[in-house]
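A.B. asks: Encoded as structure tokens, here's the structure I'll be asking about.
The values are calculated or read from the model by the stated rules, or taken from the named source; none is laboratory data. Not measured: the values here are computed from a predicted model. Because the Cβ atoms are built from the backbone with ideal geometry, glycine has one as well, and the counts that use them run over all protein chains shown. Side chains included, ligands, DNA and RNA excluded: accessible areas come from the protein's heavy atoms. Shrake-Rupley method; radii C 1.70, N 1.55, O 1.52, S 1.80 Å.
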Amino acid sequence: MTVQAANGKVTIPATPKRIVSLSPTHTETLFAIGAGQQVVAVDEYSTHPANAPRTKLSGFKPNAEAIIAYKPDLVVLSDDMDGIVKALQKVKIPVLLEPAAAKLDEAYDEIMDLGTATGRTEQARKLTDDMRSKIQQAVAASAQNDGGKGLSYYHELDDQLHTVTSKTFLGQVYGLFGLENIADGAEDAASGYPQLSREYLVKSDPDLVFLGDTKCCGQTAATVAKRPGWGDLTAVRNGGVIELDDDIASRWGPRLPELVQDIG
């Protein structure tokens, strides 16, 4: 089969039986479409599902020799770091480069690519249909309850006040609910991932605060309430601080509906 990936048309001679995944999102997808038994190794950050064969392989500093040692007949990754794609192609290993999705449709397309590549097309289609349905239901339910239209929000990536704008994939997910992102008017907003100052955040006074750093940085509604100036924020006073699962909030795969439901 042939798959159109970010690194061009990739031909896979036969249904792969030894897949290496260097992307937590794609690891989740492979297992969700029933290709888990075909996966022989995943990177160190592939924490879900629990039975994924985690190794010390890195997607940030990939080592071609270490990957080749697993004798893969397919390697899936989301970043072409240090020329790893060409290094693997030189030894005739099929590589699918499926980068971070910028839109919901791109997330669905990547799932379908993995389905095609692994001989799980029908399972991939069922998964994407199910994701679309759950997301639509969550958004519709929120709208019936007046939703979040007109409410402002801040999404925290870490305790150094790095955040996302509406132009990012995550920002578009929030946009499904009509929420207004306070980061859109910040300095360096064009990058999509600005770092806010405490003064800017306090002045913006968001109605909602979503914590995407509960695991990495140990942040909770209680800890942010103790930050200087945060006690008077509308979100803190009105119980509008929502604790998210870092992993789910940072991936664009099968568990995306769970994030949407948490936001709604």
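A.B. asks: Given the structure, is V139 β-branched (V, I, T) and at pLDDT below 95?
C.D. replies: yes
A.B. asks: Also: Determine, yes or no, whether A183 is under 23 Å from V260 (Cα atoms), at pLDDT 95 or above, out of contact with any helix residue (DSSP H, G or I) (no Cβ under 8 Å at 6 or more places or on another chain) and of a type in the set (G, A, S).
C.D. replies: So A183 does not fit the description; no.
A.B. asks: While we're on this one: Among residues belonging to segment 43-82 that are hydroxyl-bearing (S, T, Y) and over 16 Å from the mean Cα position of the chain (by Cα), point out the one that is farthest from E28 (Cα to Cα).
C.D. replies: Y70
A.B. asks: Checking the conditions here, which among L96, L30 is surrounded by 14 or more Cβ atoms within 10 Å (Cβ to Cβ), in contact with a strand residue (DSSP E or B) (Cβ under 7 Å, 6 or more places away or on another chain) and part of a strand (DSSP E or B)?
C.D. replies: L96
A.B. asks: Could you list, in sequence order, all residues of segment 45-71 that are touching a strand residue (DSSP E or B) at 6+ places or on another chain (Cβ under 9 Å), open to solvent by less than 80 Å² (accessible area, probe 1.4 Å), part of a loop (DSSP other than H, G, I, E, B) and under 22 Å from A5 (Cβ atoms)?
C.D. replies: Scanning segment 45-71 gives S46, A52, L57, G59, P62, Y70.
A.B. asks: Tell me yes or no: at least one residue of segment 163-176 is among the hydrophobic types (A, V, I, L, M, F, W, C) and over 26 Å from Y45 (Cα atoms).
C.D. replies: Checking segment 163-176: at least one residue is among the hydrophobic types (A, V, I, L, M, F, W, C) and over 26 Å from Y45 (Cα atoms).
A.B. asks: Which one of these does A41 not meet: (1) without any contact (Cβ under 8 Å) to a residue 12 or more places away in the chain; (2) open to solvent by less than 40 Å² (accessible area, probe 1.4 Å)?
C.D. replies: Only one criterion in (1) without any contact (Cβ under 8 Å) to a residue 12 or more places away in the chain; (2) open to solvent by less than 40 Å² (accessible area, probe 1.4 Å) is unmet by A41, namely (1).
A.B. asks: So is I263 of a type in the set (V, I, T), surrounded by 15 or more Cβ atoms within 10 Å (Cβ to Cβ), in contact (Cβ under 8 Å) with a residue 60 or more places away in the chain and under 30 Å from E28 (Cβ atoms) or not?
C.D. replies: Judged against the criteria, I263 is a match.
A.B. asks: Take segment 124-147 and flag every residue that is buried (at least 17 other Cβ atoms within 10 Å of the Cβ) and either closer than 20 Å to S250 by Cβ or not aliphatic (A, V, I, L, M) (or both).
C.D. replies: L127, T128, M131, I135, A138, S142, G147
A.B. asks: Can you name the residue in segment 72-93 that is part of a helix (DSSP H, G or I) and open to solvent by less than 20 Å² (accessible area, probe 1.4 Å) and is also farthest from A117 (Cα to Cα) among such residues?
C.D. replies: I84
A.B. asks: Under 7 Å between Cβ atoms, at least 6 apart or on separate chains: pull out the pairs that start in segment 157-173 with a residue that is within 19 Å of K215 (Cβ to Cβ) and without any contact (Cβ under 8 Å) to a residue 12 or more places away in the chain and end on any residue that is open to solvent by less than 40 Å² (accessible area, probe 1.4 Å) and among the basic types (K, R).
C.D. replies: Going by the 7 Å Cβ cut-off, there are no qualifying pairs.
A.B. asks: Here is a list of conditions, (1) part of a loop (DSSP other than H, G, I, E, B); (2) closer than 22 Å to W252 by Cβ; (3) in contact (Cβ under 8 Å) with a residue 24 or more places away in the chain; (4) out of contact with any Lys or Arg (no Cβ under 7 Å at 6 or more places or on another chain), and G150 meets all of them except one; can you say which number that is?
C.D. replies: Result: G150 fails condition (2) only.
A.B. asks: Let me ask you something else. Inside segment 1-27, can you point out the residues that are part of a strand (DSSP E or B) and more than 26 Å from D247 (Cα to Cα)?
C.D. replies: T2, V3, Q4, G8, K9, V10, T11
A.B. asks: Continuing with the same structure: For residues that are closer than 23 Å to K149 by Cα and of a type in the set (K, R), scanning just segment 189-240, find the one that is surrounded by the most Cβ atoms within 10 Å (Cβ to Cβ).
C.D. replies: Filtering segment 189-240 for residues that are closer than 23 Å to K149 by Cα and of a type in the set (K, R), the one surrounded by the most Cβ atoms within 10 Å (Cβ to Cβ) comes out as R237.
A.B. asks: In segment 176-188, how many residues are out of contact with any strand residue (DSSP E or B) (no Cβ under 8 Å at 6 or more places or on another chain) and open to solvent by less than 60 Å² (accessible area, probe 1.4 Å)?
C.D. replies: Total satisfying the criteria: 3.
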